[in-house]
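To start, the structure itself, in structure tokens.
What follows is calculated from the coordinates using simple rules that are stated; it is not laboratory data. These numbers were taken from a predicted model, which means no experiment stands behind them. When we count neighbours, we look across all protein chains shown, and the Cβ atoms used for this are built from the backbone with ideal geometry, even at glycine.
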Amino acid sequence: MNQPVLALSAVLFALGLFGLTTRRNVILLFLSMELMLVSVSLNFAAFAFAHQDLGGQVFVLMILTVAACEAALALALVVQLYRMRHSLDVQLWQSLGDPESIRPAPIEDSTWPREPSKENDGPSLAPAGRDPAGYLASESIDSPAAAHRG
Amino acid sequence: MQSILTILFATIAIVAACGLVTFRHPIHAALSFAMAVFATAGLYVVLDSPYLAAATVLVYAGATIIVFLFVLMFSQQIRPAPFESKGANRLKIGVICGALVGLLLAGIDSWQPPARIVSATGSDITGDASTDPRLSQLVEGQTRPKSTVASLGRSMYTRYLWAMELAGTLLLIACIGALCIAQPTEAEEGMGENRS
């Protein structure tokens, strides 16, 4: 009677992973992450039952604590994201990426990501200093660089 | 009876998790996550850990979901965020996740439960009692220790005391951090969109 539970937690974990990698709404991402945590703690409980050891149950309580911390911090971050960008789209939250790969798309743009241009389809280092090509300042409305200049 | 309950709760959990992944509206996804958590709590009861069931329902289906719904209503969007991550190849990711499930299921299939799993009557012991002293104790008529809230609490505050204290400290730090992060600065209050 343990193996169905283990199989269930494997399926839940995979579903959570799928949701985490394909969704774009931050809320859905965090829900998928919580689902993965639930599946792992289910695994712990199943093994605690199989081995008759309370360590597994204590570990589930740890996971609960960590999940609560994670939810608190994540939702605070979501509130900040919403305040800055007025959207819950994760792909608007890329300010720390390589500037050449950041093409801040408008919210309603459905063709993300744009087709890579021919001259810049390989990996490249981030240029040091402040935005040499004036790229961010010219193209994005609300990037940090633009905010600092203005 | 127990296996029927296990299958029932597992079915509910899988259906709810599929709903979580497929629903477009975050509120529906959050509610189906709560459903999955309730099914998981039922499984905890089947797995002889009732305290975990209560704690899971309180923390996940209670606190976390409420906070999620609160944040969702706080950030009402004019246009909902795009659903699919456009850069991601859904088919490829689905195949990878399916392969992961297959791999895990193969591993589970080859896993043998330890010989100490016995029914409550201790009648169907399959291991070799002569090699495992704990098993021989069971054979000698000791009933399986019942996992109660008291025994869980005793183990939590004796053997795992430091871990519990660390978890409590982590929770405190996370609370303070969340307060600091979510607090609007004066510039944000004034201008709304610009960073301070």
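Of the set (1) within 19 Å of B:Phe68 (Cα to Cα); (2) of a type in the set (A, V, I, L, M); (3) within 17 Å of the chain's Cα centre (by Cα), all apply to B:Ile27 but (3). Number of residues in the stretch B:16-58 that are farther than 16 Å from A:Phe44 by Cβ, in a helix (DSSP H, G or I) and either of a type in the set (Phe, Trp, Tyr) or in contact (Cβ under 8 Å) with a residue 12 or more places away in the chain (or both): the value is 18. Selection of the stretch A:68-88 for residues being at the interface with another protein chain (Cβ under 7 Å from one of its Cβ atoms) and in contact with a Leu (Cβ under 9 Å, 6 or more places away or on another chain) yields A:Ala68, A:Cys69, A:Ala72, A:Ala76, A:Val78, A:Tyr82, A:Met84, A:Ser87, A:Leu88.
Results for (1) at the interface with another protein chain (Cβ under 9 Å from one of its Cβ atoms); (2) of a type in the set (S, T, N, Q); (3) surrounded by fewer than 23 Cβ atoms within 10 Å (Cβ to Cβ), shown as yes or no for each residue.
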{"position": "B:Thr6", "(1), (2), (3)": "yes, yes, yes"}
{"position": "B:Val15", "(1), (2), (3)": "no, no, yes"}
{"position": "B:His25", "(1), (2), (3)": "no, no, yes"}
{"position": "B:Ser49", "(1), (2), (3)": "yes, yes, no"}
{"position": "B:Leu52", "(1), (2), (3)": "yes, no, no"}
{"position": "B:Val57", "(1), (2), (3)": "no, no, yes"}
{"position": "B:Ala61", "(1), (2), (3)": "no, no, yes"}
{"position": "B:Ile66", "(1), (2), (3)": "no, no, yes"}
{"position": "B:Leu69", "(1), (2), (3)": "no, no, yes"}
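Across the stretch A:36-58, the number of residues qualifying as over 16 Å from A:Phe13 (Cβ atoms) and in a helix (DSSP H, G or I) comes to 8. Of the set (1) facing chain B (nearest Cβ under 7 Å); (2) more than 30 Å from A:His86 (Cβ to Cβ); (3) of a type in the set (D, E, K, R), all apply to A:Asp53 but (1).
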